[in-house]
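Data block below; observations after.
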Protein chains: 2
Amino acid sequence: MSVSEYYHEKRILITGGLGFLGSNLAHKLVSFGAKVTIIDNLDPLYGGNLYNIEQIRTRVKLALGDIQDESLLVPLLSDCDIVFHFAAQVSYIDSQNIPFRDLDLNARTTMSVLEIIRKHKLPVKVVFSSSRMVIGKSNDRIVDETVPTNPLSLYAIHKLTSEKYLQMYHADFGIPVIIFRITNPYGIRQQMKHNKYSLVGWFIRMAMENETITIFGDGRQLRDYIYVEDIIEAFLLSAANPDSNGQIINLGSGYSSEFGEMVNTIVEIVGSGQVKYVDWPANYERIETGNFQVDISKLKSLTGWSPSFTLEQGIRLTYEYYKSNLSYYI
Amino acid sequence: MSVSEYYHEKRILITGGLGFLGSNLAHKLVSFGAKVTIIDNLDPLYGGNLYNIEQIRTRVKLALGDIQDESLLVPLLSDCDIVFHFAAQVSYIDSQNIPFRDLDLNARTTMSVLEIIRKHKLPVKVVFSSSRMVIGKSNDRIVDETVPTNPLSLYAIHKLTSEKYLQMYHADFGIPVIIFRITNPYGIRQQMKHNKYSLVGWFIRMAMENETITIFGDGRQLRDYIYVEDIIEAFLLSAANPDSNGQIINLGSGYSSEFGEMVNTIVEIVGSGQVKYVDWPANYERIETGNFQVDISKLKSLTGWSPSFTLEQGIRLTYEYYKSNLSYYI
């Protein structure tokens with residue numbers, strides 16, 4: 001069965017479905033004929049954006065509300081085959097200022113989803129977007145799924161807590177779950193309101209506005225940037241494959257670029273903006289994770305997936321999108 | 001400076017101070033002339049017990065209340081040098097039935113303590129009682145502080161979350177913290193109301209009541225049982241030593257006994273009770289951690305501590321205590 005056949009008529013719930021990952025996933029699923037329901041609270045701090053689903057608005061069900069409200073969540077989970085649980089507080093920087101809220105949004109809601117599925121014995125698969133941040137400093141290792149976890153922010157601590165919940169509910173109650181540790185995601189439909197989430201998106205905006213982009217240090221630290229369409233493809237292939245159940249899976253391109261190379265590619269493609277190098281500020285150094293190179297062989301061997309977009313191609317597609325739509329994202 | 005001199009006149013807050021660890025610690029600190037304040041909510045599910053401090057009642061300050069109430073906690077933390085944060089939901093079995101409450105009691109309260117100290121810039125050291133449970137199955141390794149953590153219950157997940165908070169607040173804000181991963185603690189002043197906490201205490205009660213003690217499997221699984229007086233000694237030596245700040249420290253006897261040997265020692269010392277062997281029930285097997293042997297060399301080299309009580313001596317002291325006091329603990 002092809003992936004598009006697998007998802008045809010499948011009932012899919014996407015929490016945080018008006019955001020970056022959720023809305024791109026919704027577009028793809030709608031094209032496969034899936035029955036997509038989105039729940040999103042449109043919290044102005046995060047990336048939820050009605051414009052993200054404008055072209056598919058009539059082909060998805062939309063619940064505007066907070067998944068902390070169990071009375072909303074129970075009927076939605078009762079009526080789906082797979083839930084992509086993406087609703088989250090998405091900034092590791094903000095997490096330090098709103099510790100209890102981050103706990104609620106990034107850990108407690110995951111427990112809510114799992115508890116509802118357990119209590120009502122719902123046959124629902126849970127796909128969760130975790131982050132490379134759970135690992136902390138890479139110490140220049142190539143990072144696979146077995147390295148020790150040393151989260152350096154509340155955001156990362158709570159993503160790790162959610163991972164542990166998912167693994168425990170899988171082991172104890174047989175709930176199918178998949179945990180993706182996503183590296184540095186970027187692409188279309190991502191908010192560009194501030195620099196606290198994806199620096200790729202933020203720098204594209206700065207270049208488009210002919211601003212100066214500041215690079216800390218020598219800009220040679222390695223990052224694995226992955227274009228959103230590759231991420232969505234990996235989600236869909238994995239969730240269609242029972243061998244992925246219970247697994248933690250790294251999701252990156254498998255190719256690391258220098259930070260400075262990413263910035264220079266943006267400035268070149270956009271055709272405006274400047275670059276300036278400055279020293280690392282003290283408070284960033286502790287949280288800076290060092291070179292990040294990720295081993296994606298588990299994802300590849302589980303699904304046959306491989307990335308389709310180079311960093312240059314991804315930046316070009318992202319820029320093309322924002323050229324026509326920037327005002328909706330800033 | 002001797003340990004007793006170090007604690008003389010020190011202002012010490014003990015959350016959960018009417019419980020097993022907290023009250024034994026309070027007794028020792030009072031004997032050193034420390035200024036001890038206890039906060040405890042006497043939740044009937046846990047081990048908080050006014051009888052535990054009867055002999056020192058006039059020499060400690062007692063706040064009866066819930067540490068989830070920040071208005072109670074702020075003045076108490078503002079008026080102490082060291083907080084021993086022991087208030088917790090203490091049963092990994094119960095944690096599965098009260099998931100959100102376990103999250104609140106075992107993770108959120110730790111964040112509260114740290115946030116209050118951070119916000120008010122209080123010069124307070126935090127000592128936390130974590131558990132060997134954060135590690136999960138030992139896979140027959142000797143467990144030191146660097147082994148990967150794979151918690152198998154919500155109790156253990158939330159203890160791990162608290163550990164990560166403490167490490168982060170130490171690294172980011174310089175708050176001195178010490179995290180003890182305690183193995184299997186037992187001893188006087190521990191509640192014996194049910195079998196969900198310490199099996200040593202529970203079995204002593206059963207033997208005293210001439211009941212039959214059931215051993216799952218062949219009873220040869222290894223556990224590191226540590227007597228409470230040795231634990232308190234390790235707490236006090238470590239908290240007096242700045243080199244312990246920021247550290248995770250295993251706290252066990254360093255000697256592993258067979259489960260069956262522990263049971264037989266109890267029956268022998270108490271002089272009543274029977275032993276019966278049965279097969280493991282299915283639901284226990286997943287959570288059974290396998291042989292547990294713990295490396296305590298870090299604690300030893302940091303403090304010079306070594307355990308003073310063998311399992312037999314500890315069981316004897318515990319039994320002697322309950323012989324006169326059983327009715328207060330069941």
Self-check item: Antiparallel %, DSSP beta bridges [both residues in chain B], to 5
Solution: 5
Quiz item: Where a Cα-Cα gap under 25 Å defines reach, which lysines qualify for A:Lys276, not counting those fewer than 8 residues away within the same chain?
Solution: A:Lys193, A:Lys196, A:Lys323
Quiz item: For A:His120 and A:Ser31, what does the FRET efficiency come to when R0 = 30 Å and r is the distance between their Cβ atoms, rounded to the nearest 0.05?
Solution: 0.45
Quiz item: Considering every pair of different Cα atoms, what Kirkwood radius, in Å, is found for the range B:1-138?
Solution: 15.5
Exercise. Among A:His120, A:His170, B:His158, B:His8, rank each residue by its count of other Cβ atoms within 10 Å, from fewest to most, as a rough exposure measure.
Key: A:His120, B:His8, A:His170, B:His158
Quiz prompt | Low-density loop positions, chymotrypsin sites (Phe, Trp or Tyr not before Pro), the range A:254-291 - DSSP coil, at most 16 other Cβ in 10 Å | solution = A:Tyr255
Quiz item: Using Cα-only point scatterers and the Debye equation, what is log10 of I(q)/I(0) for the range B:226-282 at each q in 0.12, 0.14, 0.21, 0.27 Å⁻¹, rounded to two decimals?
Solution: -0.52, -0.63, -0.89, -1.13
Quiz prompt | From phi via Karplus (6.51, -1.76, 1.60), per-residue ³J(HN,Hα) for the range B:92-102 in Hz, x at Gly/Pro | solution = 5, 6, 4, 4, 6, 9, 10, x, 6, 5, 5
Quiz item: By a straight-distance test (C-alpha under 18 Å), which aspartates and glutamates pair with A:Lys119 as possible cross-link partners, with residues fewer than eight away in the same chain excluded?
Solution: A:Asp69, A:Glu70, A:Asp79, A:Asp81, A:Asp172, B:Asp94, B:Asp102
Quiz item: Put the label 7 Å from Cα along Cα→Cβ for B:Arg59; what are its distances to the other copies, in nanometres, shortest first?
Solution: 7.7
Quiz prompt | Long-range HN-HN contacts of A:Leu62 with modeled amide H, under 5 Å | solution = A:Ile38
Quiz item: Using the Karplus equation 6.51 cos²θ - 1.76 cosθ + 1.60 (θ = phi - 60°), what ³J(HN,Hα) coupling, rounded to whole Hz, does each residue of the range B:311-319 give in order, writing x for Gly and Pro?
Solution: 4, 5, 4, x, 5, 4, 4, 5, 4
Exercise. Would you mind listing the distances between the A:Asp79 label point and the same position in each other copy? Use 7 Å along Cα-to-C-beta, nm, one decimal, shortest first.
Key: 5.6
Quiz item: If you look at just the Cα atoms of the protein assembly as shown, how large are its Rg and its Dmax in Å?
Solution: 26.9, 87
Exercise. Indicate the gyration tensor shape class of the range A:235-330 (rounded, prolate or oblate), computed on the Cα atoms with a ≥ b ≥ c the square roots of the eigenvalues: a/c under 1.5 is rounded; otherwise a/b larger than b/c is prolate and the rest oblate.
Key: oblate
Quiz item: For A:Lys35, which lysines qualify as cross-link partners when the Cα separation must be under 19 Å and same-chain residues fewer than eight apart are set aside?
Solution: A:Lys10, A:Lys61, A:Lys125
Self-check item: Beta bridge orientation in the protein assembly as shown: antiparallel %, DSSP, nearest 5
Solution: 5
Practice problem: Extending each Cα 7 Å along its Cβ direction at B:Leu64 and B:Glu320, get the distance between those two points in nm, one decimal. | Solution: 3.2
Quiz item: What ranking of B:Trp305, A:Trp280 emerges when the number of other C-beta atoms within 10 Å of each C-beta is taken as an exposure proxy, fewest first?
Solution: A:Trp280, B:Trp305
Quiz item: Using the Cα gyration tensor of the range A:186-238, with a ≥ b ≥ c the square roots of its eigenvalues, what is the shape: rounded (a/c below 1.5), prolate (a/b larger than b/c) or oblate (neither)?
Solution: oblate
Quiz item: Would you list A:Lys323, B:Lys159 from fewest to most Cβ contacts within 10 Å?
Solution: A:Lys323, B:Lys159
Self-check item: Translational diffusion of chain A, µm² s⁻¹ [Kirkwood Rh, Cα pairs; Stokes-Einstein; 20 °C; 1.002 mPa s]
Solution: 107
Self-check item: √(5λ) per eigenvalue of the Cα gyration tensor, the range B:57-213, largest first, Å
Solution: 29, 21, 14
Exercise. Putting +1 on Lys and Arg Cβ atoms and -1 on Asp and Glu Cβ atoms, find which of A:Val278, A:Gly65, A:Leu45 reaches farthest to the positive end of the dipole of chain A.
Key: A:Gly65
Self-check item: 5 angstrom amide H check on B:Val275, placed H, neighbours 5+ away
Solution: B:Ile213
Practice problem: Between the label point of B:Pro123 and that of the same position in each other copy, find the distances and list them shortest first in nm, with every label point placed 7 Å from Cα along the Cα-to-C-beta direction. | Solution: 6.4
Quiz item: How much mean residue ellipticity at 222 nm does chain B get from its helices, if each DSSP H run of length 4 or more adds -39500 (n - 2.57) and you divide by all residues, to the nearest 500 deg cm²/dmol?
Solution: -11000 deg cm²/dmol
Quiz item: Got a sec to turn the phi values of the range A:3-16 into Karplus ³J(HN,Hα) couplings, 6.51 cos²θ - 1.76 cosθ + 1.60 with θ = phi - 60°, whole Hz, x for Gly and Pro?
Solution: 4, 5, 5, 4, 8, 4, 6, 5, 8, 10, 9, 10, 7, x
Quiz prompt | Set of the range A:169-212 residues, backbone N closer than 12 Å to the point 7 Å along the Cα-Cβ line of A:Gln274 | solution = A:210-212
Practice problem: List the residues whose amide H sits under 5 Å from the amide H of B:Lys35, counting only those 5 or more places along or on another chain, with H placed 1.01 Å from N in the peptide plane. | Solution: B:Glu9, B:Lys10, B:Arg11, B:Ile12
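Read-outs throughout are calculated quantities, based only on the coordinates presented, and are distinct from any laboratory measurement. Fair warning: this is a prediction, and the values are worked out from it, not measured in the lab. No Cβ is skipped: glycine too gets one built from the backbone with ideal geometry, and neighbour counts run over all protein chains shown.
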